[in-house]
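First up is the structure itself, then whatever we jot down about it.
The values are calculated or read from the model by the stated rules, or taken from the named source; none is laboratory data. This one's a predicted model, so the numbers in the text were calculated from it and none came from an experiment. Heads up, the Cβs are rebuilt from the backbone with ideal geometry, glycines too, and the neighbour counts pull from every protein chain shown.
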Amino acid sequence: MNKKKLDKIRNMVKLECESSGSEYNWFFDGHLLAVEKNAEFLLNKLPNADKEIVMLGVWLHDLQRFRFLKGDHQKVGAQEAEKVLKKFNYNKDIIEKVKRLIKCHSCRDVIPGTIEQKILASADAMASYHNNFFLQVARMKRGENLSEFKKWALEKLNRNYNNKIFFSFAKKHIKERHKVLKAFFELI
């Protein structure tokens, strides 16, 4: 694993998030660091996974969001990741693996198949349980009424827990938080 390159990409992403304006200046600390923490937790339990591929996915999977690019989140994100990886002289094999990782991290059109893909999808889903993710999204979605936000939040919680977390030990790890958040959104 090339830690120097990975650290440079991480710092690039941090600077982009911080300079993206008030809408996404929380994103690095509030989402990406949580994805990193969860990916490391999963990688410790699944040591045969390619850590470099997973960690590149952690830092590059949401480029489309904080760069405010139009189009499909996964596809545009994969294209942007390819540009970044080429800039940092990654080889074609790594670029293709990271692009496939990003294209399936939301578990919508493409379901993760490799262990690395399942780790990123799971870590991304788990991140919303360990921070103020829902409060930040609520702040960004100010135009919606409470019932629309509640519906979105409950759907996201259920999709994350049931469709994006691929490992039973990971579900167990966030089960209580899932129950609490679900109960909260069912109350409002």
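Just to be sure, is K87 touching a Leu at 6+ places or on another chain (Cβ under 7 Å), of a type in the set (K, R) and modelled with pLDDT of 90 or more?
no
Hey, can you tell me all the residues within segment 72-95 that are among the charged types (D, E, K, R) and outside any helix (DSSP H, G or I)?
Selection gives D72 alone.
Could you tell me which residue of segment 24-67 is nearest to the chain's Cα centre (by Cα), considering only residues that are part of a loop (DSSP other than H, G, I, E, B) and at pLDDT below 95?
Top of the filtered list is D62.
Looking only at segment 120-161, count every residue that is part of a helix (DSSP H, G or I) and under 21 Å from D62 (Cα atoms) and tell me the total.
At the first step, the residues of segment 120-161 found to be part of a helix (DSSP H, G or I) are 120-127, 133-140, 146-161.
Applying the additional criterion that residues be under 21 Å from D62 (Cα atoms) yields 120-127, 133-140, 152-153, 155-161.
Qualifying residue count, segment 120-161: 25.
Residue check: is K141 modelled with pLDDT of 95 or more, surrounded by fewer than 14 Cβ atoms within 10 Å (Cβ to Cβ), charged (D, E, K, R) and more than 26 Å from N44 (Cβ to Cβ)?
Numbers: modelled with pLDDT of 95 or more: no; surrounded by fewer than 14 Cβ atoms within 10 Å (Cβ to Cβ): yes; charged (D, E, K, R): yes; more than 26 Å from N44 (Cβ to Cβ): yes.
No.
Do you know which residues across segment 96-119 are in contact with a Pro (Cβ under 7 Å, 6 or more places away or on another chain) and outside any loop (DSSP other than H, G, I, E, B)?
Result: K118, single match.
In segment 108-124, what residues are modelled with pLDDT under 95 and either among the charged types (D, E, K, R) or under 18 Å from D29 (Cα atoms) (or both)?
R108, D109
How about segment 1-39: which of its residues are over 12 Å from V58 (Cβ atoms) and either touching a Gly at 6+ places or on another chain (Cβ under 9 Å) or among the aliphatic types (A, V, I, L, M) (or both)?
Matches in segment 1-39: M1, M12, L15.
If only one of Q64, Q74 is in contact (Cβ under 8 Å) with a residue 24 or more places away in the chain and in contact with a helix residue (DSSP H, G or I) (Cβ under 9 Å, 6 or more places away or on another chain), which one is it?
After ruling out the rest, the residue left standing is Q74.
Output yes when any residue across segment 134-145 is of a type in the set (S, T, N, Q), touching a residue at least 24 places away in the same chain (Cβ under 8 Å) and within 21 Å of D72 (Cβ to Cβ), and no when none is.
First, the residues of segment 134-145 that are of a type in the set (S, T, N, Q): 136, 145.
Among the residues that remain, those that are also touching a residue at least 24 places away in the same chain (Cβ under 8 Å) are: 136.
Those still in the list that are within 21 Å of D72 (Cβ to Cβ) too: none.
The answer is no; no qualifying residue exists.
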